[in-house]
Amino acid sequence: MYRKVKGTQDFFGIEAKKLRHLEGIIRAVIEKFGYEEIITPIFENTEVFVRSSGEESDIVSKEMYTFDDKGGRSLTLRPEGTAPVVRAFLENKLYARRALNKYYYFGPMFRYERPQAGRYREFNQFGIEAFGASSPYLDADVIISAAEIFKALGIENIKLKINTIGDFASRAAYSALLKEHFGKGISSLCDDCARRLDRNPLRILDCKIDRDNPLLKNAPKIEAVLSAEAKAYFQKVLKILDASGISYEVDPNLVRGLDYYTDTVFEFILESDDELGGLAVCAGGKYSDLVRSFNGPDIPGIGYAFGIERIIAIMDKQNLFPDLASRADIVLISLDEEAKEKALLLARALRGAGFYAELDYQNFNLKPQFRLSEQVDAKFLVIIGEEELKNKQLAVKNALTKEQELIPETKILEYFKENLK
Ligand code: HAM
């Protein structure tokens, strides 16, 4: 017996419907903000991710599904959506279409992480990327769109954490400061952190192993080195969020695990006592230099991504899904070969008229056909036998009231149009 790969999931029945249901709600919200869908390949040249996320990021250093194809190219199953969208943005010269470009995407991402509640090796993201404006108004509007999505989904116990990691000058100064601070106690930190000290000391703040080490807790804050401009920018973002009635907590230790961010970074965290509590459901930030680092023009971007499986888990817990079960309108029951053929043609006509019609393809006995009707929770049964064929009439049974009546064949579409509103 083959089993699915560790950390992956099958979606079927109601679970598959939940995923599509969410997509529908999210799409409706985000398209009102002017975002267009972009669909990029599931795999990219490995360099796309290494260059953007940074060699020191967890994603690149330990989580990528990388392989050589038969032509000897190093390819990687996408671990996230931002780098592919930036690659597509440049390759297709989308910046030439207009000054402001807004894209959204849905799709599977792949990370070799330890599977646990809300963490998979293949998972789905919904994400957005907006290019072309370096503005606290855009940053705030991006965050507002995420808040609107939570609202549309009905999820309430979510906390927005936000921080600024400054522009490049501030970041460089902060890195130097952290290097000095962590350098003093480097022996008390994990091996990963020791390595990060030289290459990217900011990432130490984000370490899951050393999270409670006093050295991390007492680390200097970015505040100390932020340029006046970066500070003013961040204050403006917060001011707009205040005016929009969006509550937040400024978290000076929030640095995000990917190297491409500058200035505004944020995460929406679930507040609950169960195993999902504390998980980031949506996360993102601004990236002023990513497009340029791909040898493109100097165009800033900002975006976020939601973890779809996490949303499903939360909505399940909070009973936020409507009844997504689909019931057959009509099941056609046929008692001999000739009737079976009639049933198939009638099903086609009913589907053409907009109904969900089902039939049993191999049985002529009533029992298995009634069983099928129950399995698809049919609203009506149409029974076709010798007698009905001869008189060009159909026996129609209401599954709820159990009432049965004879309807002339020519009137059957009309009958259901009236009775299946
Ligand atoms: P990220 O924080 O790596 O950011 O992932 C975004 C979200 O994807 C997380 O908050 C979480 O909900 C979900 N997620 C991540 N890993 C897993 C996993 N193993 N299993 C289930 N869900 C997961 C990014 O991916 C950035 N590209 C976001 C972004 C867009 N920044 C700017 N634009």
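For this structure, a couple of remarks:
- Put simply, when 90-97, 301-308 are sorted by average Cβ atoms within 10 angstrom per residue, most first, you get 301-308, 90-97.
- Within the listed set 82, 46, 164, the Gaussian network model of the chain (springs between alpha-carbon atoms below 10 Å) gives the highest mean-square fluctuation for 46.
- Of the DSSP H helices in the chain, those whose Cα atoms cover at least 27 Å axially and whose Kyte score averages -1.0 or more: 14-32
- Cα centroid of region 339-399 to Cα centroid of region 47-64, whole Å: 57 Å
- Placing a pseudo-label 7 Å from each Cα along the Cα-to-Cβ vector at residue 122 and residue 236 gives an inter-label distance of 4.4 nm.
- Where Rh is the Kirkwood radius over Cα pairs, Rg/Rh for region 330-419: 0.91
- Against the empirical curve 2.2 N^0.38 Å, the C-alpha radius of gyration of region 1-92 lands at a ratio of 1.35.
- Solvent exposure, largest accessible area first (probe 1.4 Å, DNA, RNA and ligands not counted), of 231, 286, 208: 208, 231, 286
- Distance in nm between pseudo-label sites at residue 361 and residue 181 (7 Å out along the Cβ direction from Cα): 6.6 nm
- Order of exposure, largest accessible area first, which applies to 3, 199 with probe 1.4 Å: 3, 199
- Ranked by solvent-accessible area (1.4 Å probe, protein heavy atoms only, all chains present), the residues 188, 334 order from largest to smallest as 188, 334.
- Rg/Rh for region 47-152, where both radii come from Cα atoms and Rh is the Kirkwood radius: 1.01
- Cβ-defined net charge surrounding residue 226, 14 Å radius [Lys, Arg +1; Asp, Glu -1]: 0
- The mean sequence separation of alpha-carbon pairs under 8 Å and at least six residues apart, normalised by the residue count of region 99-153, gives a relative contact order of 35 percent.
- For the chain, the calculated P(r), taken from all Cα-Cα distances in 20 Å bins from zero up to the bin holding the longest distance, is 22, 43, 22, 11, 1 percent.
- Listed by chain and number, the aspartates and glutamates placed with their C-alpha closer than 17 angstrom to that of residue 231 are 139, 167, 223, 242, 249, 251, 263; residues fewer than eight positions away on the same chain are left out.
- Residue-averaged 222 nm ellipticity for the chain, from DSSP H runs of 4+ at -39500 (n - 2.57), nearest 500: -11000 deg cm²/dmol
- Computed P(r) (all Cα pairs; region 113-224; 5 Å bins; percent): 2, 9, 15, 15, 14, 16, 17, 10, 3, 0
- Segment residue 403-residue 337, length gained on full extension (0.36 nm per residue, minus Cα span): 21.1 nm
- Applying 1/(1 + (r/R0)^6) with r as the Cβ-Cβ distance of residue 374 and residue 144 and R0 = 60 angstrom yields a FRET efficiency of 0.80.
- Residue with peak Gaussian network fluctuation, the chain [Cα springs, cutoff 10 Å], from 229, 358, 31: 358
- If you run the Gaussian network model on the chain, springs between alpha carbon atoms under 10 Å, then out of 297, 252, 408 the most flexible one is 408.
- P(r) tail, region 177-297: Cα-Cα pairs separated by more than 21 Å, 50% of all pairs.
- Region 286-317-region 4-18 distance, computed between alpha-carbon centres (Å): 24 Å
The values are calculated or read from the model by the stated rules, or taken from the named source; none is laboratory data. This one's a predicted model, so the numbers in the text were calculated from it and none came from an experiment. Note: ideal-geometry Cβ built from the backbone for every residue, glycine included; neighbour counts use all protein chains shown. Please note that ligands, DNA and RNA were not included when accessible areas were found on the heavy atoms of the full protein model with its side chains. Shrake-Rupley method; radii C 1.70, N 1.55, O 1.52, S 1.80 Å.
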